[in-house]
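Engineer: I have a structure here, written as structure tokens, and I will follow up with some questions on it.
The values are calculated or read from the model by the stated rules, or taken from the named source; none is laboratory data. Bear in mind that the values here come from a model prediction, so they are computed numbers and not experimental data. Cβ: placed from backbone, ideal geometry, glycine included. Neighbour counts: every protein chain shown. Heads up: the accessible areas ignore ligands, DNA and RNA and are worked out on the full protein's heavy atoms, side chains in. Shrake-Rupley method; radii C 1.70, N 1.55, O 1.52, S 1.80 Å.
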Amino acid sequence: SDAICSFVICNDSSLRSQPIIFNPDFFVEKLRHEKPEVFTELVVSNITRLIDLPGAELAQLMGEEDPKLPGANSTASGFFRSLMSLKRKEKGVVFGSPLTEEGIAQVSQLIEYLHKNLRAEGLFRVPGNSIRQQILKDALNSGTDIDLDSGEFHSNDVATLLKVFLGELPEPLLTHKHFHAHLKIADLTLFDEKGNKTSTPDKERQIEALQLLFLILPAPNRSLLKLLLDLLYQTAKKQDKNKMSAHNLALMFAPHILWPRNVTANDLQENITKLNNGVTFMIKHSQKLFKAPVYIRECARLHYLGSRAHTSKDDLDLLTSSGSKELQPLKSQKRSRLASCHQEETQQRTEEALKELFHHVHNMPDSAKKKKLIRQFNKHPTALTPGSDVPTSPAPRRTRSRSFSGLIKRKVLGTPVILERKSRDTTPEPVRVSKENVQLLQKCGSPAHMSQAKLKSLEGQKEGSCRRMRARLLSKDSSSL
């Protein structure tokens, strides 16, 4: 992206306040100029998705074969065909020459003047003065400056000369290669519920197909076509003054911008209505036809940003639908990572606080409070002693029995009950000894050196004493009752 975008520091304060214009077709134009083969393949693949072009017509559209046009194989040489060919033999700098940027700059003066005079009745239909037209034509061919606002020329003179310029081009403004594609676009109609074609034009598909077709026009043709269609669109908007509707304008300009050269109306009998209706459609929707489709913009942008480019609208739709499904697991993974990071950070802060607390208690002067705090640390050595990797939660306390027999067992037996529970665990723990069994333990030795037989005998003695004590208590209770 650094190679695409460049920043220029402007020292002119008068230009700094100007709004920044962003061209949404920037990457489209960049791809067209830098990689024309890739661009043409991208656009043509989408055109064939909309209209059915046989192999020969597709090859003509790609420029691989010479276009086969109606009337090309006809041996008849009528008066009109010979007359048109004689007119095109006289080539000037602007008129009769292939379309160039210089020619467009000269002709744009005519278009700019006509934008100011759209109210003239019969504009483009009423012919102007032939002498004034020839003077104006010579001036344009010589490249001299012309003041059209001086009043020397009439708007009908300028309008007629514009049609002459388009008619004397070596090929129509929409080119011979695109002729068959325009016929197919005119046949795009809607389908009914049963899938059968109707007579209603499919305007959305026609606009999309024309957008794609205009993208692969030569740059001078596309520039002049945009200027011309915008002029005709503005002219049709003022038809209440000039009496020229979009259809009337199409009848005037279809032979100059779409009909193949050296053909007559007889050669186009079957298709003349389609061609005229096609130009009418272009005039009415001219404000939409020179914008690249969204998926072409996205493909061009992804091509330069290094991502995988998608070659059609269907691919882009699949991308957006699959992206929404993949977004949910990505969000959940991100949440889990954030939660784990937050938990680790909290745990680390807790350990640091415990270490500081331990050192503070250790440095306190000797007192009863210090001893109490140290005992609390000793009860939870793994959680409160600094130096441990992971603080462990204290072991859950076991619920004690609140029955009368359980109370007697805890008072009398003490350690053997705990020993019996601890013996079930895999890891041995030190045996806690009650005060009542100190003398017995001294006689028998330490618990570590006691045999299993001695322990069992000790447990039996305590169970017998427990029974006798219970009997005495029960007899006392019965006598009191």
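Engineer: Report whether or not Leu227 is open to solvent by less than 10 Å² (accessible area, probe 1.4 Å) and touching a helix residue (DSSP H, G or I) at 6+ places or on another chain (Cβ under 7 Å).
Structural biologist: no
Engineer: Moving to a separate point now. Looking at segment 206-235, I want the residues that are closer than 17 Å to Val107 by Cα and among the charged types (D, E, K, R) and have a partner that is buried (at least 21 other Cβ atoms within 10 Å of the Cβ) and modelled with pLDDT under 95 with Cβ atoms under 8 Å, at least 6 apart or on another chain. Which pairs are those?
Structural biologist: none
Engineer: So, one more: Just checking, how many residues over segment 119-176 are among the aromatic types (Phe, Trp, Tyr) and within 17 Å of Met252 (Cα to Cα)?
Structural biologist: Going through segment 119-176 one residue at a time, the tally reaches 2.
Engineer: Assuming Val107 fulfils every condition listed in (1) open to solvent by 30 Å² or more (accessible area, probe 1.4 Å); (2) hydrophobic (A, V, I, L, M, F, W, C); (3) at pLDDT 90 or above; (4) closer than 21 Å to Pro170 by Cβ apart from one, which condition is it?
Structural biologist: Condition (1) is where Val107 drops out.
Engineer: Taking the condition out of contact with any Gly (no Cβ under 6 Å at 6 or more places or on another chain), among the β-branched types (Val, Ile, Thr) and assigned to a helix (DSSP H, G or I), does Thr200 pass?
Structural biologist: No: the conditions fail for Thr200.
Engineer: Here's something else I'd like to know. Could you tell me which of the residues Ser82, Ser130, Ser77, Ser150 is out of contact with any helix residue (DSSP H, G or I) (no Cβ under 8 Å at 6 or more places or on another chain), modelled with pLDDT of 90 or more and surrounded by fewer than 13 Cβ atoms within 10 Å (Cβ to Cβ)?
Structural biologist: Ser130
Engineer: Can you name the residue in segment 165-177 that is in contact with a helix residue (DSSP H, G or I) (Cβ under 6 Å, 6 or more places away or on another chain) and open to solvent by less than 10 Å² (accessible area, probe 1.4 Å) and is also farthest from Ile283 (Cα to Cα) among such residues?
Structural biologist: Phe165
Engineer: Being over 12 Å from His182 (Cβ atoms), open to solvent by less than 70 Å² (accessible area, probe 1.4 Å), in a loop (DSSP other than H, G, I, E, B) and not hydrophobic (A, V, I, L, M, F, W, C) is the filter here, so list the residues in segment 263-298 that pass it.
Structural biologist: Matches in segment 263-298: Thr264, His285, Ser286, Pro293.
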